[in-house]
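For reference, the structure discussed in these notes is given below.
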There are 6 protein chains.
Amino acid sequence: MSGDTSLDETLARLPVGTLVMNLDRAGFPNCFMKGVAPLTPERRFVGRARTLRCLPTRPDIVAAQKNAAKPTPHRVAMDGVSPGQVLVIEARGELGAAVMGDLLAARIKAAGGTAAVTDGCVRDVPALAQIGLPVYAAGANATLFSNRHVAMAIDEPVACGGVLVMPGDVLVGDAEGVVVIPAQMAETIAAAALEMEELDAFLLEKIRQGAPLSRAYPPNAEMLAEYQNYRFSKRKL
Amino acid sequence: MSGDTSLDETLARLPVGTLVMNLDRAGFPNCFMKGVAPLTPERRFVGRARTLRCLPTRPDIVAAQKNAAKPTPHRVAMDGVSPGQVLVIEARGELGAAVMGDLLAARIKAAGGTAAVTDGCVRDVPALAQIGLPVYAAGANATLFSNRHVAMAIDEPVACGGVLVMPGDVLVGDAEGVVVIPAQMAETIAAAALEMEELDAFLLEKIRQGAPLSRAYPPNAEMLAEYQNYRFSKRKL
Amino acid sequence: MSGDTSLDETLARLPVGTLVMNLDRAGFPNCFMKGVAPLTPERRFVGRARTLRCLPTRPDIVAAQKNAAKPTPHRVAMDGVSPGQVLVIEARGELGAAVMGDLLAARIKAAGGTAAVTDGCVRDVPALAQIGLPVYAAGANATLFSNRHVAMAIDEPVACGGVLVMPGDVLVGDAEGVVVIPAQMAETIAAAALEMEELDAFLLEKIRQGAPLSRAYPPNAEMLAEYQNYRFSKRKL
Amino acid sequence: MSGDTSLDETLARLPVGTLVMNLDRAGFPNCFMKGVAPLTPERRFVGRARTLRCLPTRPDIVAAQKNAAKPTPHRVAMDGVSPGQVLVIEARGELGAAVMGDLLAARIKAAGGTAAVTDGCVRDVPALAQIGLPVYAAGANATLFSNRHVAMAIDEPVACGGVLVMPGDVLVGDAEGVVVIPAQMAETIAAAALEMEELDAFLLEKIRQGAPLSRAYPPNAEMLAEYQNYRFSKRKL
Amino acid sequence: MSGDTSLDETLARLPVGTLVMNLDRAGFPNCFMKGVAPLTPERRFVGRARTLRCLPTRPDIVAAQKNAAKPTPHRVAMDGVSPGQVLVIEARGELGAAVMGDLLAARIKAAGGTAAVTDGCVRDVPALAQIGLPVYAAGANATLFSNRHVAMAIDEPVACGGVLVMPGDVLVGDAEGVVVIPAQMAETIAAAALEMEELDAFLLEKIRQGAPLSRAYPPNAEMLAEYQNYRFSKRKL
Amino acid sequence: MSGDTSLDETLARLPVGTLVMNLDRAGFPNCFMKGVAPLTPERRFVGRARTLRCLPTRPDIVAAQKNAAKPTPHRVAMDGVSPGQVLVIEARGELGAAVMGDLLAARIKAAGGTAAVTDGCVRDVPALAQIGLPVYAAGANATLFSNRHVAMAIDEPVACGGVLVMPGDVLVGDAEGVVVIPAQMAETIAAAALEMEELDAFLLEKIRQGAPLSRAYPPNAEMLAEYQNYRFSKRKL
């Protein structure tokens, strides 16, 4: 794994659960977003975090944004997505309004974004499913953004699903949900997860054949030795 | 759009999200039921609200209903559904018991009802999926109605999913959830939503081709002019 | 129904909703697990309860379990599953960590277990779906077990989804969720539910043909008589 | 106890807890309002329920009430309070806005009302404490009524704190909360509670002197006999 | 009202409820913090917002703050409080750990701060009550800050109790809770609230004397005329 | 500190917050019960845990307990309290019914118990305040125990307020709430907390006199030296 593309390809094949386990071992127990689930048919994604922070709406701030003769942070966040980025929208767990709908998702997709993730709600769910962008959210609610939210800042640290997300962090999603990998740890975690996947596949087969957990998970010395032999023989071929 | 059938046909093609946006613009921000999701394969429906109000159960009221020598409001609500109606059951967000099961859903269907909607739970979920009636609820719970609820009144205003529903209101449902349109606004909202759908389809295509939100959503003057040309040329054909 | 296999075969065909209704009539209104839903494609199961009780984690207890030179209760619970058992894991409704993942589910399956049920979360959801074991849970969360839980006891009475589960109770699951049948009542309830299914199928057909609930549900004397005739004629054939 | 005044005097001395226990024995287990607590220094009250039902607000209904050239149900509910009544306001557990403040509470007091009870919030809490009216609510929130609620109906059955309240029911409140006694049961329950209080006072003294629960609560035959002697001797004096 | 001291003196006498009502009339319906209640004997305060934003903790960020050879944002926030400021701590509604204890509250007090407000928890509650600083919070929890939080930024816009707080906003607290007044509106709102207080006191007296709400609240023309006379006569004295 | 009495006397003077901080430093971050608050005027207590585990009620288990010709675990738990014990009742966070009332609290008091603690509700709140026993609970609800609970086991490990409690653990309560100290750590934690209290009192005084947190909390080298001098001089006296 030398370049980001290679790293991304590796991450794209790794289950979120395995990445979480390796982050836990590395001292990062709180890395899985709670209550943030896939809402679209597309699920797997890898992306670098671009963040948008939404706060409770207030008329004077909304008016100031309108009078500012420039796009709101909400639109800037989406227009400015770079290829390979995932837009992470902090919504304070608010379930009473949406943070985005199908047209905004289409823009993220067109800009090369790999996904959108929020601990709030999204809208236009049937159309969203046609865009081809993985969208993870706390729920669906067609109520308009402006009834609860005002977009306030871009590329600040945010909280999403109870996890801290720094701009540039690597996020990976699958049917289970979303894991946040601190940027500087992505290579290490990916490598460790890749090894763990190989071992786990071996152990799964053993368990299916009847090995009890007391031998197979965690693997005892005998089982580990068997695994080393298996790996060795596999590589000889 | 002159008759109800035509209105219903129009509404049947409109996404809930687009109807909600037009209601918001018309001054009705709180029209989407929160936490009320489709539980059956059938989803899209249009219906006029028939309402049933359930309250916490109490033995003397239950006994009085039994001794009354006439069907309970619960059964009357379902038997009396007219073609084109959706039964809306206020359940106070109670997740500890069901408000209906498959046989009652079958009756609503047979009576010509277009859907059942509740902010409580439903039961007999596997069988419910065979009835052919769209059912929207806050969840599934097989615990019997009588453990938590007593049906109290029919065709009163009710709260469902945090939204006021007046008898006769027009409800529309799709995979996103349910929108409540005040009866007197249904024509106006449907017409506005139809126009918005046409514009949004045009803008979506532009966004897919790479137009940023700063030009496309909301559309700036240039984009709107392009749309008018497109519409004009399309109609000439 | 004289043997357990026959009982299990009967229960395997009965909807959870119908079992719940018969338990309610028998004086057991609180038998359906609240908020415990199927997370895997496999759903229907019948099993005898083997229980595992998890409590909030604490370092001294974890250390004691590690130093004990024997497997933890967590692993013993799964290794010791007998054919026909369902593992019921009390997790106090904790949504912040998982109680098991794919390898442990594979062990339950290999040991002959029929399902795993918890009011907490599970992890490795995509892989879990490949194991072939019905898994019911309150949600998915990849955060590791040890962050919130310590396994404390096996085969004690537990609470799961707000329902008491005694070791040996008969649990049945389908798309609706999970019902807990006290062991000594399983035969009676199964027999009553079987009869109810037959009647309900008859009534459903009547309702589909237009019979109002005032005649069909609950069935009035005339409808019941018609049913008796139908049953009699059917049996003559 | 022959008149209502006498009944009210009796009820005014009885703890809510004792009334709840006697209602439970009479088959009414669900009679204590959940999450409805006293917010003012005054607490004890006895009153007949006058009910007000609030629903989620909607602009067309609010406009219709304004154009109706008569007071809204909200104001009618309070102006029409009769001496001895408690106003019970169904607020759907909504914690985001108030259902009343100090001026409305003053009106209830001036009209002879004995208390106000709601499963929503109240406002003007410091001033409310000066009015001299017991107020029970789910919390304090100064946000205005009209942001969430529209008053819809008076003297209908309502749900409050998870309990059914029929107009005319007898409500009693103390520091513990509020109990709802069906009107037709008030005399019986009061009499039974009065007796229970006498017995409990005797048993409490015994427990304080060291009697274990196995003898004193529930009282065994010996303890009951001792109580009968005590009562007899007390009455002789 | 020409200077801030005069404004503060006025605000210090105005109930939170009255300020909220005037903000609502001015188009700011969402200005009262939900679920943020006084935890100390001192309650009334007026202060300009200094803000601190806390996010979910993460080991690399904590390590970076420790290695930075300067105080953490958490300590800087408190050390840098200026006289007349209230420290507003965004805690994402987290109830599982505290954001401050008695020593930190003492520092805010010593620095001239007028209060501390958070939608999280505080600790050292008995000692906190001795400091003499009004503290408003969502609850008490002695669990240490670092278990859930990392302080991230000072003097950014924050969300607290569902309300947007901009640095420099004017906050007022009393037994009811906390209202947020946008800085530029404080004078106007204070003046309007002062007038409303005078009118309300008059109306309260009328209601106590028996005036129905239909005449007194909102006051009809006759009542308003009477009030003008009363004001006029009072001022002549 | 050589005997338990001495330990108890020390603990009785230590704030819960200081004990929690020392447990956190010793590797026990999760030791403070969440959402368990004092409901009686008496608050401070020290006690060894006697535990009672309550589960969701079920008729067959209730009947078996009645027919067993011995007291239920519920009553045994209270009758068997030894002097110096605190009864900890696991109630699964259930807010819909009580786990005890005034007579049972009186028994705990008479038996020498120092407190009762539950993550459920208690009843008879006004009378409970007269018993003289500190009672900590998640709330007040007069609904009877048997509606939701069945007592199942005594002196097993339990969860209460999200914290593991082992029989024999040392619990301390004050106005802030309840801390659970593993039995084997009580001496060490008490000693460390005592020292911390002394230091904190010194630092508090410094902060009150104007020392910033950057010098005083955590204390820098200069401040610590000053403290050592102060201690030394104090001891000389």
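The values are calculated or read from the model by the stated rules, or taken from the named source; none is laboratory data. The model shown is predicted, which means the values in this text are computed figures rather than measured ones. Cβ sites come from the backbone with ideal geometry, for glycine too, and all protein chains shown count toward neighbours. All accessible areas refer to the heavy atoms of the entire protein, side chains included, with ligands and DNA or RNA removed. Shrake-Rupley method; radii C 1.70, N 1.55, O 1.52, S 1.80 Å.
At 1.4 Å probe size, put F:GLU94, C:GLU42 in order of accessible surface, largest to smallest.
Accessible-area ranking of F:GLU94, C:GLU42, largest first: C:GLU42, F:GLU94.
Between C:THR5 and C:GLN209, take the C-beta separation as r, use R0 = 51 Å, and let me know the FRET efficiency to the nearest 0.05.
The pair C:THR5/C:GLN209 has a calculated efficiency of 0.85.
Under a 5 Å amide H to amide H cut-off, with H placed in plane at 1.01 Å, what residues pair with B:VAL99 once short-range neighbours are removed?
B:CYS121, B:VAL122, B:ARG123
Kindly give the distances from A:LEU199 to its copy-mates, label point to label point, with each label point 7 Å from Cα along Cα→Cβ, as nm values to one decimal ordered shortest first.
Copy-to-copy label distances for A:LEU199: 4.0, 5.9, 5.9, 6.6, 7.4 nm.
For the Cα atoms of chain E, what angle does the longest principal axis make with the long axis of helix E:221-236, in degrees from 0 to 90, nearest 10?
Relative to chain E, helix E:221-236 is tipped by roughly 80 degrees.
Using θ = phi - 60° and the Karplus relation 6.51 cos²θ - 1.76 cosθ + 1.60, list the HN-Hα couplings for the range A:49-58 in order, rounded to whole Hz, with x at every Gly or Pro.
Using θ = phi - 60°, the values come out as 6, 10, 10, 9, 10, 9, 10, x, 5, 8 Hz.
In the range A:156-177, what residues drop by 20 Å² or more of accessible area when the other protein chains are put back, versus the chain on its own? Use 1.4 Å, and skip ligands and nucleic acids.
Checking the loss per residue gives A:GLU156, A:PRO157, A:ALA159, A:LEU164, A:MET166, A:ALA175, A:GLU176.
How far apart are the E:VAL76 label points across copies, placing each 7 Å from Cα toward Cβ, in nm, shortest first?
2.2, 5.3, 6.1, 6.1, 6.9
Excluding B:PHE202 itself, calculate the net charge of residues whose Cβ lies under 12 Å from the Cβ of B:PHE202, where each Lys or Arg counts +1 and each Asp or Glu counts -1.
-2
Looking down the axis that turns D into C, which residue of D has the closest beta carbon, and how many Å out?
D:PRO29, 6
Using protein heavy atoms only (no ligands, DNA or RNA), what is the total accessible area buried between A and B, 1.4 Å probe, nearest 100 Å²?
That pair of chains buries around 1900 Å² in total.
How high is the relative contact order of chain F, in percent, counting Cα pairs under 8 Å that sit 6 or more residues apart?
In percent, rounded to a whole number, it is 27.
Report the local net charge at A:ASP102: Lys and Arg +1, Asp and Glu -1, summed over other residues whose C-beta lies under 14 Å from its C-beta.
Summing Lys/Arg as +1 and Asp/Glu as -1 gives -2.
Using a Förster distance of 41 Å, how high is the FRET efficiency between E:LEU199 and B:ARG25, based on the Cβ-Cβ distance and rounded to 0.05?
After rounding, the FRET efficiency stands at 0.70.
Cα centroid distance between the range A:1-43 and the range E:1-79, in Å?
With the range A:1-43 and the range E:1-79 each reduced to a Cα centre, they are spaced 37 Å.
Would you kindly work out, in nm and rounded to one decimal, the distances from the label point of B:GLN228 to those of the same position in each other copy, ordered shortest first, with label points 7 Å along Cα-to-Cβ?
5.1, 7.9, 7.9, 8.4, 9.8
Mind putting a number on the dipole of the protein assembly as shown about its Cα centre? Charges go on the C-beta only, +1 for Lys and Arg and -1 for Asp and Glu, and I need it in Debye to the nearest 20.
It comes to approximately 0 debye.
So which of A:LYS206/C:LYS109; D:LYS109/E:LYS206; D:LYS34/F:LYS70; A:LYS34/C:LYS109; A:LYS34/F:LYS34 end up more than 23 Å apart, counting from Cα to Cα?
D:LYS34/F:LYS70; A:LYS34/C:LYS109
Name the shape class, rounded, prolate or oblate, that the alpha-carbon gyration tensor gives for the protein assembly as shown, where a ≥ b ≥ c are the square roots of its eigenvalues, rounded holds for a/c under 1.5, and otherwise prolate holds if a/b is larger than b/c and oblate otherwise.
Rounded shape, in that the Cα axes give a/c under 1.5.
Which net charge results for the neighbourhood of D:GLN65, defined as the other residues with beta-carbon distances under 13 angstrom from its beta-carbon, given Lys and Arg at +1 and Asp and Glu at -1?
It works out to a net charge of +3.
With +1 on each Lys and Arg Cβ and -1 on each Asp and Glu Cβ, how big is the dipole of the range D:118-237 about its Cα centre, in debye rounded to the nearest 20?
Its charge dipole is roughly 400 debye.
Residue-wise, which Karplus ³J(HN,Hα) couplings in Hz belong to the range B:180-196, taking 6.51 cos²θ - 1.76 cosθ + 1.60, θ = phi - 60°, and x for glycine or proline?
9, 10, x, 3, 5, 9, 4, 4, 4, 5, 4, 5, 5, 5, 4, 5, 4
Quick check: at a probe of 1.4 Å, how many percent of the accessible area of the range E:67-215 sits on carbon and sulfur atoms?
54 percent
Could you tell me which residue out of C:ILE207, C:PRO157, C:ALA183 lies farthest along the dipole of the range C:156-237 toward its positive end? Charges go on the beta carbon: Lys and Arg +1, Asp and Glu -1, centred on the Cα centre.
So the residue furthest toward the plus end is C:ILE207.
Go ahead and estimate [θ] at 222 nm for the protein assembly as shown from helices alone: -39,500 (n - 2.57) per DSSP H run with n ≥ 4, summed, over the residue count, rounded to 500.
-12000 deg cm²/dmol
Provide a whole-number value for the mean count of partner chain Cβ atoms within 10 Å of the Cβ atoms in peptide F:213-223.
Average neighbour count from other chains, rounded to a whole number: 4.
With a 1.4 Å probe and every protein chain left in place, work out the accessible area per residue of chain B in Å², rounded to a whole number.
Value for chain B: 37 Å² per residue.
Sort B:166-173, C:183-190, A:176-183 by packing, meaning the average of other beta carbons within 10 Å per residue, with the highest value first.
A:176-183, B:166-173, C:183-190
Using the Karplus curve 6.51 cos²θ - 1.76 cosθ + 1.60 with θ = phi - 60°, what ³J(HN,Hα) values do you get for each residue of the range A:60-66, in whole Hz, with x for Gly and Pro?
Taking θ as phi minus 60°, the curve returns 5, 6, 4, 5, 4, 5, 5 Hz for the range A:60-66.
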